[in-house]
Structure formats: C-alpha cells, structure tokens
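Undergrad: I have a structure here, written as structure tokens, and I will follow up with some questions on it.
The values are calculated or read from the model by the stated rules, or taken from the named source; none is laboratory data. Given the structure is predicted, the values throughout are model-derived calculations rather than measurements. Neighbour counts are summed over all protein chains in view; Cβ atoms, including those assigned to glycine, are modelled from backbone coordinates with ideal geometry. Surface accessibility is based on the protein's heavy atoms, side chains included, excluding ligands, DNA and RNA. Shrake-Rupley method; radii C 1.70, N 1.55, O 1.52, S 1.80 Å.
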Amino acid sequence: MKTKINWLEWGKEAFEKAKKEDKPILLDLTAVWCHWCHVMDATSYSDEQCTKIINEDFVPVKVYIDKRPDIRERYNMGGFPSTVFLNPEGHIIAGETYVPPERFKLVLEAVKDSYKKRKDEIKQRIGELSKKLQKEKDVSKAKINEDITKEILLSAEDNFDSFYGGFGLQPKFPSPEVLDLLFIQYQKTKQKKYLDMALKTLDGMYEGIYDKVDFGFFRYSVTQDWKMPHYEKMLDTNAGLLRNYAVAFGITKDERYKKITEETINYINKFLSNQKDGGFYGSQDADEEFYLAKPEERKKEKQPDVDNTIYADWNAMMVSSYIKAGEILNDKKITNFAIKTADFILDRCYNKNDGLSHYFDGKAHINGLLSDNIYFLNCLIDVYSITQDKKYLEKVREIAEFILQNFYDSKNHGFFDRMPKGEDFGTLKQRNKQFLENSFCAIVLLSLHFLTKEKKYKEIAEKTLLYFADRYLNFGYFAAMYATAIDMIINGEIIDIKL
C-alpha cells in the first residue's frame, strides 16, 4: 500500500510542528481547476521516495489558492502549482512551480541540506528583508493629471498585438480592465484606434479561448495566437469578458458580440450558478481530454468537474457584469438573477461586525480580505442604481465604513489587503498594499462620492492614488484601472460606457 503525504492545513498546528521539530515547511499552492496541479499530485506527490522524504524531513502544508488568495499573493512562485519551501517562521527559502518526480527528489534533498547548514544565515537574511518591506513612505508629491492616463494608454498601444489582438506575447491572458479603458477612451476622444484595439482583441479571444460547444471562456492561452488554451474556466475571467463583449455590442450593435454575450450567460447559468437560490460557482476543471475530443464525442462524456464553492469577490464581479449585460440586452431575467445573488451573499456571507466572508460552501469561511469587501461594495452600488431600493444604500454605507475602519491606512494612506488576526503566521503578519486592489478601491470610492456627494470618499480616493503615483509606471498597461480612477478624479463623474 502506497504511503501518503501527511498534509496539514495552513495554521497553528503546522507552524508549531515545524518549530518544535526544526524542519522546513513544504507549501503546496494548488487549485481544483489546475491541470499541472493534478499532474503533480499524480506524479511527484505520489512517488514513494518523494513521499518518504517529505514525511520525514518536512512539514507539508497544502493550500487551495482560491480559498486563500492572501496566501497565494504572498507565496506565488510564478504559476500553479507553486512548490514553496519555508523556514519555521514562514519565510521563503526557495521555490518553483511544477517539479517532476526525478528532479523533485534532488530539490528536496538540496533544501533539506541547505536548511540544516545555513539556518542562521537564512534567518538573518529574511530578517533584513522583512525590515525593508515594513518601511513606509509618505504620500508622493506627484500631482494627478491627464498625462498619467496618456502614459498608461501609450503602454497599452506599445504592447498591443496588432496581428492577433491582446497585449504582450505569450502566454496570452485576457485583460478585461484594459479593454474597459480603451472603450472609455474611444467614447471620450472618438479616436477609432482605441475601439479597433479592443475589438481586435475580442475577436482574437473568441477564435482561441472561447469554447464554441458549451460556451464560456478558458483562462488563458499558452501561445500568442490565443489558439492553445489552458482549459480551466474561471468565474472571474468570465465576469470580466462578459462585461467586455456586452459593452462591445452596446457600442457597435454588432450581432456577433450580442451572440457571444448571450452564449456566455447561458454557459454561466447552466454550469456556474445556483439558479434556485442565487450564487455563482468558482470554476470548471481543466480536463484536456474532454476539450480536445470532437464535439459529438464531448456530448457523450461527463462534463469536467465544477467547484461549486461560492467566492464573495468573484460573485460580486459577476453580479456587476450581469447587471451591465442585463441593461444592454434589455433582459430583466439577467438583472434579477444578479440581484438574487447579491441578496444571497448578503444573507450568507456578510455580517456587520466581520464584513464579508471570502467563500461559502454550506457555511461562510475566512473574513477580513479587502477584495471581498471592495468588490461586493461595488456590486451593491450597481444593485442600488437599478433598484433604487434604500435597503441597498444602507448596506453600501455600512460596508464602506467597515472598509475605511479596517483596511484604510489613515496615516500613510492606501488600503491594506487584509485585516490583522491573532492567528496569522509567516508573511501574513505583514499587511500588503496591492496596486491593483487600491486602484479599484479608488474607483469604487469615487463612485460612492458621486452617489452620496460625501467629500471624504473623494479625498481618500485621491490620497490612495497619490500613494501609488511614483509606481504606476512599473505596471505598464496593467495600470488600466489606475488610469480609469485618474480620469474619474479629473472629469468629476462616474466613468461608464455611454450607450
């Protein structure tokens, strides 16, 4: 009978065991939808010799990244699975992504030996790095002006793939926020190049990472031409692209974009939602054999597994996209399901003292993440805007205050990614300020300012943008949301696609 790895969850037991036994931690960052994660489980983590070394010389910890995005952000080694080696304090010693069995044995032995011989040196190096990370800075003296948006747009133009659409070379990921920015700039300036870039990208993705049998979009393509998808279908990817294609139809009135929008909604309704109670499911598995089969053969096969966990932030993204699509398609069924889902999240994943919990699988888990709270606040603003029901406005104000009290750094400005907790281990003890999340925070707070006319929301949004004003260029076209927030400040209005 094969030996199994004695996986522990991220928490007190694992870290105390590592300290007591003076062993490094082997952290496996994995996902239910991830093809190479399944391969690593079936090979390296099932290999008898590897298993023996891991159980004897390491404390193995398995973390599902969708359930713990805070751990994913701090320990991601550039893809999944991430195979990360930590000291007992939870700081990174070494790490890789997928490691095949033969090399994995060598890696395990090398880390084990290095940890024993260089323990004190590793601890000292990590201590110095932690001090550097904890140094705060003053709000930048930079001013907010239109040049910022122009620079970010220039980066999008420089990285645009005029042959296949999209940005950069390979692997090629969708960039929904960049397309949002291009649509907004087209409507603002009437420069056709922005619309052309967006539509070329939508057409390229449809030809490559769109499932033409069951519909919906795959997560990304390994190749520049979009033609070699990684076959997982993620709720957040489909939320962003649903919005893009709906808006493309709203602007162009091209029936192709309407068809893709409706088909994507059909896919989500059929496979990634709880139609009875409300709520969207997290993902559908990357089953290569299923997707590479001929269409007639696929119909006979069992569909790839669906992770029916309900994640608050991704649900909020899809609620907002359903509201946008429902408005453009003039379809109340779509809108009503969005409202039903918002009510479900409010009922099952929210309370006034703890804010939003990250996920629901029969009960709510993991509160205190900025992304859940800010994305849900945004979708509630959308729900209120179409219902005009005061109960949603009350919740909007309540959640906004919760965010400001628990995540905003009133001294140095900007928003932390999570609330501190007594049971935090490793680098979770350090609260990060993530550029993309903060850009979105600024957008949502400005929307709130335009809705309520309260100045404090605008002031905090502006200070947040200034906090990152010396860093946005590092992100290139990925700073699209930052550019959108800058536009909102300068123009003094909600940035929306005017259809």
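Undergrad: For region 261-420, would you read off the P(r) tail past 23 Å as a percentage of all alpha carbon pairs? Working shown, then result.
TA: Numbers: 5554 of 12720 pairs.
When all Cα pairs of region 261-420 are counted, 44 percent exceed 23 Å.
Undergrad: While we're looking at this one, here's another question. Please tell me the relative contact order of the chain in percent, rounded to the nearest whole number, where contacts are Cα pairs under 8 Å and at least six residues apart.
TA: Values: 851 pairs, mean separation 70.4, N = 499.
The normalised contact order for the chain reaches 14 percent.
Undergrad: Okay, moving on. Working from Cα positions, state the angle (0 to 90°, nearest 10) between the long axis of helix 435-452 and the longest principal axis of the chain.
TA: Between helix and principal axis, roughly 40 degrees.
Undergrad: Next up: How big is the chain by Rg and Dmax over its Cα atoms, in Å?
TA: Cα-based Rg and Dmax for the chain come out at 23.1, 68 Å.
Undergrad: List residues of region 211-241, by number, whose backbone nitrogen lies under 20 Å from a label position 7 Å along Cα→C-beta of LEU169.
TA: Only 220-230 pass the distance filter.
Undergrad: Would you please state the base-10 log of I(q)/I(0) at q = 0.13, 0.15, 0.19, 0.24 1/Å for region 365-432, with intensities from the Debye formula using one equal scatterer on every alpha carbon?
TA: -0.43, -0.55, -0.78, -1.03
Undergrad: Which entries of LYS190/LYS233; LYS390/LYS456; LYS276/LYS299; LYS193/LYS294; LYS192/LYS332; LYS62/LYS302 show an alpha-carbon separation above 30 angstrom in the structure shown? Could the numbers behind the result be given before it?
TA: On the way: LYS190/LYS233 34 Å; LYS390/LYS456 21 Å; LYS276/LYS299 25 Å; LYS193/LYS294 38 Å; LYS192/LYS332 32 Å; LYS62/LYS302 28 Å.
Long pairs (Cα-Cα over 30 Å): LYS190/LYS233; LYS193/LYS294; LYS192/LYS332.
Undergrad: Cysteines without a disulfide-compatible partner in the chain, using Cβ under 4.7 Å as the rule?
TA: CYS50, CYS349, CYS379, CYS441
Undergrad: Obtain the nm distance between the two label points defined at LYS390 and ASN336 by a simple spin-label model: each point lies 7 Å from its Cα along the Cα-to-C-beta direction.
TA: 2.6 nm
Undergrad: Which ³J(HN,Hα) values, rounded to whole Hz and listed in residue order, are derived for region 469-484 from phi using the Karplus coefficients 6.51, -1.76 and 1.60 in 6.51 cos²θ - 1.76 cosθ + 1.60 with θ = phi - 60°, glycine and proline given as x?
TA: Ordered by residue, 3J(HN,Hα) equals 5, 9, 10, 4, 5, 5, 9, x, 6, 5, 7, 4, 5, 4, 4, 4 Hz.
Undergrad: Restricting things to Cα coordinates, could you compute the convex hull volume per residue of region 407-447 in Å³? Please list the in-between numbers first.
TA: Working: hull volume 3.1 nm³, N = 41.
Convex hull of Cα atoms, per residue: 74 Å³.
Undergrad: How many percent of the accessible area of region 210-288 is carbon or sulfur, using a 1.4 Å probe?
TA: Of all accessible area on region 210-288, carbon and sulfur atoms account for 47 percent.
Undergrad: If you stretched the chain out fully between ARG256 and ASP354, how much longer would it get, using 0.36 nm times the residue separation minus the C-alpha to C-alpha distance?
TA: On the way: separation 98, 0.36 × 98 = 35.28 nm, distance 4.38 nm.
Full-extension gain reported as 30.9 nm.
Undergrad: Between GLN49 and SER162, how many nm apart are label points set 7 Å from Cα along the C-beta direction?
TA: Between GLN49 and SER162, the label points sit 5.4 nm apart.
Undergrad: Residue-wise, which Karplus ³J(HN,Hα) couplings in Hz belong to region 255-272, taking 6.51 cos²θ - 1.76 cosθ + 1.60, θ = phi - 60°, and x for glycine or proline?
TA: 4, 4, 6, 5, 4, 5, 4, 5, 5, 5, 5, 4, 4, 5, 4, 7, 10, 10
Undergrad: Output the peptides 408-415, 83-90, 310-317 sorted from most to least packed, where packing is the average of other Cβ atoms within 10 Å over each peptide's residues. Walk me through the numbers before you get to the answer.
TA: Working: 408-415: 16.8, 83-90: 22.2, 310-317: 27.8.
Highest mean packing first, the order is 310-317, 83-90, 408-415.
Undergrad: Still on this structure, please answer the following. Could you give the nm distance between label points at ARG397 and ASP225, where each point is 7 Å from its Cα heading toward the beta carbon?
TA: For the pair ARG397/ASP225, the computed spacing is 5.8 nm.
Undergrad: Note the angle between two axes, namely the Cα long axis of helix 176-189 and the longest principal axis of the Cα atoms of the chain, as a number of degrees from 0 to 90, rounded to the nearest 10.
TA: The angle comes out at about 20 degrees.
Undergrad: Quick check: at a probe of 1.4 Å, how many percent of the accessible area of region 324-475 sits on carbon and sulfur atoms?
TA: So the carbon and sulfur contribution to the accessible surface is 47 percent.
Undergrad: Related question: Counting only heavy atoms of the protein chains, get the accessible area per residue of region 241-364 (1.4 Å probe) and round it to a whole Å² value.
TA: On the way: 5610 Å² over 124 residues.
Ligands and nucleic acids excluded, the result is 45 Å² per residue.
Undergrad: Using +1 on the beta carbon of Lys and Arg, -1 on that of Asp and Glu, and nothing else charged, what's the dipole of the chain about the Cα centre, debye to 20?
TA: Details: 75 positive and 79 negative charges, 177 e Å.
My answer is approximately 840 debye.
Undergrad: If you take the beta carbon distance between GLU288 and LYS363 as r and set R0 to 41 Å, what does 1/(1 + (r/R0)^6) give as a FRET efficiency, to the nearest 0.05? Provide the component values of the computation, followed by the final result.
TA: Working: r = 34 Å, r/R0 = 0.82.
Approximately 0.75, to the nearest 0.05.
Undergrad: Taking Cα centroids, how far is region 196-257 from region 53-87 in Å?
TA: Value for the Cα centre distance between the two parts: 31 Å.
Undergrad: Related question: For the modelled label position 7 Å from the Cα of ASP347 along Cα-to-Cβ, which residues of region 384-404 have backbone nitrogen atoms closer than 16 Å?
TA: 392
Undergrad: Still on this structure, I have one more. Compute the FRET efficiency between GLU56 and PHE271 as 1/(1 + (r/R0)^6), taking r as their Cβ-Cβ distance and R0 = 30 Å, and round to the nearest 0.05.
TA: Computed FRET efficiency for GLU56 and PHE271: 0.10.
Undergrad: Additional query: Over region 153-216, what is the relative contact order in whole percent, taking alpha-carbon pairs under 8 Å and six or more residues apart? Don't jump to the answer; show the numbers that get you there.
TA: On the way: 50 pairs, mean separation 20.3, N = 64.
Over region 153-216, the number comes to 32 percent.
Undergrad: Okay, next question. Going by average Cβ density within 10 Å per residue, which order do the peptides 258-264, 159-165, 348-354 take, highest to lowest? Intermediate values should be presented prior to the final figure.
TA: Numbers: 258-264: 20.3, 159-165: 16.9, 348-354: 15.0.
Answer by packing, highest mean first, reads 258-264, 159-165, 348-354.
Undergrad: Also: Mind pulling the per residue volume of the convex hull built on the Cα atoms of region 146-192? Å³ is fine. Provide the component values of the computation, followed by the final result.
TA: On the way: hull volume 3.7 nm³, N = 47.
Convex hull volume per residue, Cα atoms: 79 Å³.
Undergrad: Rounded to the nearest 500 deg cm²/dmol, what is the calculated helix-only ellipticity per residue at 222 nm for the chain, with -39500 (n - 2.57) per DSSP H run of length n ≥ 4?
TA: Counting only the DSSP helices, I get -17500 deg cm²/dmol.
Undergrad: If you don't mind, there's one more thing I want to ask. Roughly speaking, what is the stretch gain from ALA94 to ASP113, that is 0.36 nm per residue apart minus the C-alpha to C-alpha distance, in nm to one decimal?
TA: On the way: separation 19, 0.36 × 19 = 6.84 nm, distance 1.26 nm.
Using 0.36 nm per residue and subtracting the Cα-Cα distance, I get 5.6 nm.
Undergrad: Using just the alpha carbons, could you tell me how many Å³ per residue the convex hull of region 241-340 encloses? Don't skip to the answer; put the middle values down first.
TA: Working: hull volume 11.3 nm³, N = 100.
Per residue, the Cα convex hull of region 241-340 comes to 113 Å³.
Undergrad: Please identify which residues in region 42-73 have an amide N closer than 19 Å to a label point set 7 Å out from the Cα of LYS20, following the Cα→Cβ vector.
TA: Flagged as within label range: 55-62.
Undergrad: Check which residues have an amide H placed less than 5 Å from ASN432's amide H, if you skip close sequence neighbours.
TA: ASP417, ARG418
Undergrad: Return one whole number: the accessible area per residue of region 392-464 in Å², for a 1.4 Å probe. Walk me through the intermediate numbers first.
TA: Numbers: 3060 Å² over 73 residues.
Spelled out: the 1.4 Å probe surface of region 392-464, per residue, equals 42 Å².
Undergrad: Go through 280-286, 220-226 and give me the packing order, highest mean Cβ count within 10 Å leading. If you can, show how the numbers build up before the last one.
TA: Values: 280-286: 23.9, 220-226: 18.6.
My ranking of the peptides, most packed first, is 280-286, 220-226.
Undergrad: So, in Å, what gap is there between the alpha-carbon centers of region 17-46 and region 176-192?
TA: Cα centroid of region 17-46 versus Cα centroid of region 176-192: 43 Å apart.
Undergrad: Let me ask another. How far, in degrees from 0 to 90, does helix 370-387 lean away from the longest principal axis of the Cα atoms of the chain, to the nearest 10?
TA: 20 degrees
Undergrad: On a 30 Å Cα-Cα criterion, which of the cross-link pairs LYS12/LYS352; LYS119/LYS463; LYS212/LYS324 come out too long? Don't skip to the end; give the middle numbers.
TA: On the way: LYS12/LYS352 27 Å; LYS119/LYS463 42 Å; LYS212/LYS324 23 Å.
Beyond 30 Å: LYS119/LYS463.
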